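Undergrad: First the structure, then my questions, so here it is.
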Amino acid sequence: MCGIVGVIGTQPASPILLDALRRLEYRGYDSAGIATIDASVTREPIDRRRAEGKLGNLAAVLEKQPLFGNTGIGHTRWATHGAPTESNAHPHGTARVAVVHNGIIENHAELKAELVAAGQVFTTETDTETVAQLLDLYLAQGMAPVAASAKAFGRLHGAYALAVVFAGHPGLLIGARNGAPLAVGFGEGEMFLGSDALALAPLTRRIAYLEDGDWVVVRADGATFHDLSGAEVKRDIRLTALTGAAVGKGNFRHFMEKELHEHPAVLGDTLHQLVNPGTRAVGLPKLPFDLAKINRVTISACGSAFYAGLVARTWFETVAGIPCDADVASEFRYRNPPMDQGGMGLLVSQSGETADTLAALRYMKSAGQHVLSVVNVPESSMERESDAVLPTIAGPEIGVASTKAFTAQLAVLACLVLAAGRARGTISAVEEARLTAALLEVPGRAAEILDHDAHIQRIAARIAEARDVLYLGRGSCFPIAMEGALKLKEISYIHAEGYAAGEMKHGPIALIDRNVPVIAIAPSGPLFEKTASNLQEAAARGGQMIVFSDAEGAEKLAGIAQETVILPRVDPFVAPILYAIPVQLLAYHVAVLKGTDVDQPRNLAKSVTVE
């Protein structure tokens, strides 16, 4: 959500900033802009170019009106305060200062009233302009940039990452972080700021991360970090694993299509780090707590990651025998739930920067929980703040709608559950070996599922005409029904809902008629007969029945299904991982048929760093 880049370089900053912003497009945005400092110009030492819409629009503006200077800041904006217009696009500023900002300044109204009374003139609808005007006032009063920044940062409330440039100071960037991520990149005679390491990957691998409350003074020869009190602090420089060649669509039309076809490799890489195929045993990295002594697991996440957590809740209780709660982070963080000592807080996130999930993590730590996170981005805030981390080896996921990261999360959570079951003695060595063998089959089975792409594309034509779609599932496949519905909503803009199949007759059945597709996630297994009965009820009301099942299940449902996708027969334990793939593929093909922006759907962002 929003993207920040900054550079003090030896070459023109504008092309570097534009290229870095392209690497941040995956975060979601609706306008963009760049500001540079040209030391050779005195009339307008800060120059800006901004544009509504995609980066191509900004690139066109820059081609007609180039920016000069080796120091600058850039931004992709996801609108919070004010419409996504050119005037509200970042950078915001005055003749003295320019600012880019991720997050929300919660006390902006109070500060704006004070600044207007002091004679500052506002020209936008944004909360961010408050920061620029506050800095401008302090500069007008004779304060130097560093002192003005320190004073201004101390007055801001809310979540923010900021990058600031100052007229007359072409070799200076100042950044600040509170709740939203910000990193400093160290080059050779060059320095950088970025909202994540991916933006800086082609420029440098040497990264230092600001912690909450930090602000940093960046000059061409290095960076000086301060905490909110102004005291100088040290922040470690790390070598990021990301490279400049980390992203690309290859021969695929969309990043989402490419990432869907990466499911088998990602699942294989993720399982390879956690499972010994020779012994058929899970081997987690050493944890700073004993899984055998965990008395309760509390899972919190957002979006698709929460659905992965719901699957894990079923697994923890049925396989490992541990009581387990799961809650969306935006609700959990405000419930202030009582938590017994000795429990484990389990957070799931692709980015490791999701604001609500980070807040849940911090609450769990304050409540004395052992905190374990499942994340896809190394060096993220969640990775740094957790007691332990289980990484998903999904690689950069550029499509806003999560695909390969979701199945990688499920694979990691399955391994964690098996390790917990072994530690607690709820599964035998023989049972662990059987379930581990089922897991090891998953990458190959995932490749088989992708062979159904053409059939799923034909089904998509039926779904693309619908206004409403119902997804049904039971047990560990109920969250997969919700995942399928979420994907369809996210990228095709068709209203869809995922329901527990047994709950259909408690309300949703009223919606069913011949115009409503009903998509069933129905692998054969212990709950199949119950699901089949619910599907008979939907078919009796005229619903268009589309079934994802294996050969055994498909045969039993042949009399009611208009379309059936026959998937590999697998152990029910791993079925949720595999059945996620076809529902994601279906959503993708529907979106393509409807002509939506598949990789960057409207109003959505990849990394949600505000509430």
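Undergrad: Computing the accessible area with a 1.4 Å probe over protein heavy atoms, can you report the carbon and sulfur percentage for the stretch 352-460? Don't skip to the answer; put the middle values down first.
TA: Details: 1670 of 3170 Å².
Roughly 53 percent, rounded to a whole number.
Undergrad: Once you keep just the Cα pairs under 8 angstrom separated by 6 or more residues, what percentage relative contact order results for the stretch 144-228?
TA: 27 percent.
Undergrad: Go through 301-308, 61-68, 436-443 and give me the packing order, highest mean Cβ count within 10 Å leading.
TA: Values: 301-308: 25.9, 61-68: 13.6, 436-443: 19.8.
Most protected by this proxy first, the peptides run 301-308, 436-443, 61-68.
Undergrad: Checking the a/c ratio against 1.5 first, then a/b against b/c, what shape does the Cα gyration tensor give for the stretch 339-440? Please report the intermediate quantities before stating the final value.
TA: Details: a/c = 2.81, a/b = 1.19, b/c = 2.36.
Note, shape of the stretch 339-440 comes out oblate.
Undergrad: Please state, to two decimals, what the Cα-based radius of gyration of the stretch 72-148 comes to when divided by 2.2 N^0.38 Å (N = residues).
TA: My calculation over the Cα atoms of the stretch 72-148 gives 1.05.
Undergrad: I'd like to know which of I237, G142, I34 lies farthest towards the positive end of the charge dipole of the chain, counting +1 on Cβ of Lys and Arg and -1 on Cβ of Asp and Glu.
TA: In the chain, that residue is I237.
Undergrad: Hey, what do the phi angles of the stretch 194-199 turn into as Karplus ³J(HN,Hα) couplings, whole Hz, using 6.51/-1.76/1.60 and θ = phi - 60°, x for Gly and Pro?
TA: x, 6, 7, 5, 4, 5
Undergrad: Same structure again: Which whole-number value in Å² is the accessible area per residue of the chain, probe 1.4 Å? Present the calculation step by step, with values, prior to reporting the outcome.
TA: Details: 22440 Å² over 611 residues.
About 37 Å² of surface per residue is accessible.
Undergrad: OK, next. Could you give me the ³J(HN,Hα) list for the stretch 207-216, computed from phi with Karplus coefficients 6.51, -1.76, 1.60 and θ = phi - 60°, whole Hz, x at Gly and Pro?
TA: In residue order, the calculated couplings are 10, 10, 9, 6, 9, 4, x, 6, 9, 9 Hz.
Undergrad: Right, another one. What ranking do 141-152, 447-458 get when scored by the average of other Cβ atoms within 10 Å per residue, highest first? Don't jump to the answer; show the numbers that get you there.
TA: Working: 141-152: 17.7, 447-458: 15.0.
So the peptides 141-152, 447-458, ranked by packing, come out 141-152, 447-458.
Undergrad: Match the structure shown to one of the listed values (1) 99, 51, 48; (2) 68, 63, 55; (3) 79, 52, 43 of Cα extents along the principal axes in Å, computed from it, and give that label.
TA: Only one option fits the structure, namely (3).
Undergrad: Oh, and also: Which of the listed residues, G543, A167, L267, is farthest toward the dipole's positive end in the chain, when Lys, Arg count +1 and Asp, Glu count -1 at the beta-carbon?
TA: Checked the options; the winner is L267.
Undergrad: Then there's this: Under the definition of Cα pairs under 8 Å and six or more residues apart, what whole-number percent is the relative contact order of the chain?
TA: Numbers: 1432 pairs, mean separation 74.4, N = 611.
The value is 12 percent.
Undergrad: Related question: Work out the length of the dipole vector of the chain about its Cα centre, built from +1 on the beta-carbon of each Lys and Arg and -1 on the beta-carbon of each Asp and Glu, and round it to the nearest 20 debye. Could you put the intermediate results ahead of the total?
TA: On the way: 54 positive and 66 negative charges, 42 e Å.
The calculation lands at about 200 debye.
Undergrad: Summarise the accessible area of the stretch 153-213 (1.4 Å probe, protein heavy atoms) by the percent that is carbon and sulfur. Don't skip to the answer; put the middle values down first.
TA: On the way: 710 of 1530 Å².
Reported share for carbon and sulfur atoms: 47 percent.
Undergrad: If you don't mind, another one. Filter the DSSP H helices in the chain by two things, a Kyte-Doolittle mean of at least 1.0 and an axial alpha-carbon span of 27 angstrom or more, and list the hits by number.
TA: Working: long enough: 404-424 (30 Å, 1.14); 575-594 (29 Å, 1.38).
Those that clear 27 Å and a mean of 1.0 are 404-424, 575-594.
Undergrad: How big is the antiparallel share of DSSP beta bridges in the stretch 272-378, given as a percent to the nearest 5?
TA: On the way: 2 of 18 bridges.
Here the antiparallel bridges make up roughly 10 percent for the stretch 272-378.
Undergrad: Give the long-range amide H neighbours of T298: residues separated by 5 or more places, or on another chain, with amide H under 5 Å away, using H modelled in the peptide plane at 1.01 Å from N.
TA: D325, M344, G345, L346
Undergrad: Another one. Counting each DSSP H run of 4 or more residues in the chain as -39500 (n - 2.57), what helix-only mean residue ellipticity at 222 nm follows after dividing by all residues, to the nearest 500 deg cm²/dmol? Could you put the intermediate results ahead of the total?
TA: On the way: 20 runs with 217 residues, N = 611.
That calculation yields -10500 deg cm²/dmol at 222 nm.
Undergrad: Stokes-Einstein at 37 °C, 0.692 mPa s, Kirkwood radius from Cα pairs: D for the stretch 373-486 in µm² s⁻¹? Could you put the intermediate results ahead of the total?
TA: Values: Rh = 17.0 Å.
Estimated via Stokes-Einstein, D reaches 193 µm²/s.
Undergrad: Hey, can you rank 498-510, 581-593 by average C-beta count inside 10 Å, highest first?
TA: Numbers: 498-510: 17.0, 581-593: 25.3.
Ranking, from highest mean packing down: 581-593, 498-510.
Undergrad: For L182, list long-range residues whose amide hydrogen, built 1.01 Å from N in the peptide plane, is under 5 Å from its own amide hydrogen.
TA: Amide H neighbours of L182, under 5 Å, 5+ apart: L210.
Undergrad: Something else: Rounded to the nearest 5, what % of the DSSP beta bridges within the chain are antiparallel ones?
TA: Details: 64 of 103 bridges.
Here the share of antiparallel DSSP bridges comes out near 60 percent.
Undergrad: Using modelled amide H (1.01 Å from N, peptide plane; none on Pro or chain starts), what sits under 5 Å from the amide H of C2, excluding residues fewer than 5 places away?
TA: Here the answer is W78, since their amide H atoms fall under 5 Å of that of C2.
Undergrad: How much net charge surrounds I463 when only other residues with a Cβ under 13 Å from its Cβ are counted (Lys, Arg +1; Asp, Glu -1)?
TA: Numbers: positive: R458, R462, R467, K487, K489, K594; negative: E465, D468, E563.
Summing Lys and Arg as +1 and Asp and Glu as -1 gives +3.
Undergrad: What does the charge count near A587 come to, summing +1 for each Lys or Arg and -1 for each Asp or Glu among other residues with Cβ under 10 Å from its Cβ?
TA: On the way: positive: K487, K489; negative: E483, E490.
In short, 0.
The values are calculated or read from the model by the stated rules, or taken from the named source; none is laboratory data. If you're wondering where the values come from, they're calculated on a predicted model, not measured in any experiment. Don't worry about glycine lacking a Cβ; one is built from the backbone with ideal geometry, like all the others, and counts go over all protein chains shown. Ligands, DNA and RNA are stripped out before the accessible areas are found, and what is left, the full protein with its side chains, is counted by its heavy atoms. Shrake-Rupley method; radii C 1.70, N 1.55, O 1.52, S 1.80 Å.
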